[in-house]
Every structure is written in structure tokens, then in C-alpha cells.
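Values in this text are rule-based calculations from the coordinates and carry no lab data. Only a predicted model underlies this, so the values are computations on that prediction, with no experimental measurement involved. Ideal geometry is used to build each Cβ from the backbone, glycine not excepted, and the neighbour counts take in all protein chains shown.
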Amino acid sequence: MNTLLILLAVAVIFIYFFRRNLKEKFIPNKEKYYTIDDRFNAERKERQNEIDELLSKIGKNGLSDLSPKDKQRLDELSKKTN
């Protein structure tokens, strides 16, 4: 029984100190292995999603519903997509 408790304690300590490395081994960070094209496409998709959100807001309530900050952001995003 004592041996089992000692082994359990050692396992808990081992997991506690090395959990970051274990997490990276079993659940790798996909962004770490992105190529330049992958990064470009991911950023482009994020910009497009943000534009879509702003346009849907306009579609629901009209242009007057956008705050000045939203209008400025939509303008910035539309310039980046061209």
C-alpha cells in the first residue's frame, strides 16, 4: 500500500513539472507549424469574418447602427482586402 502511494505521489509530481511538455506532445500547437501561406490565409479569413459581422450588423439595422469605431474598422478592413 505504501509503495502504491509513493508511486502515485511520484507520478503526480512528474506530471505537475512536465505537464507543458506532455501537453505539446499530445496536443500540438497547429499555429507553430503554419507556413507563410497558412498565416496569410488565416489572417485573411479573420479579416473576412470581421467584415461579415459588420455587414450583417448593417443589414439588420442599417448603416446608422454602426458606431464611428465600427465604420472606421470597416473602412480599414476593406482597404486591406483590396
Subject >> Label-to-label distance, nm, for residues given as Leu5 and Glu50 (7 Å Cα→Cβ offset) >> reply: 5.6
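How far, in nm, would the chain grow between Arg73 and Glu43 when pulled straight, counting 0.36 nm per residue and subtracting the alpha carbon separation? Intermediate values should be presented prior to the final figure.
Details: separation 30, 0.36 × 30 = 10.80 nm, distance 1.52 nm.
So the chain would gain 9.3 nm between Arg73 and Glu43.
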Subject >> Whichever aspartates and glutamates have a C-alpha closer than 20 Å to that of Lys80, once near sequence neighbours (fewer than 8 apart) are set aside >> reply: Asp37, Asp38, Glu43, Glu46, Glu50, Asp52, Glu53, Asp70
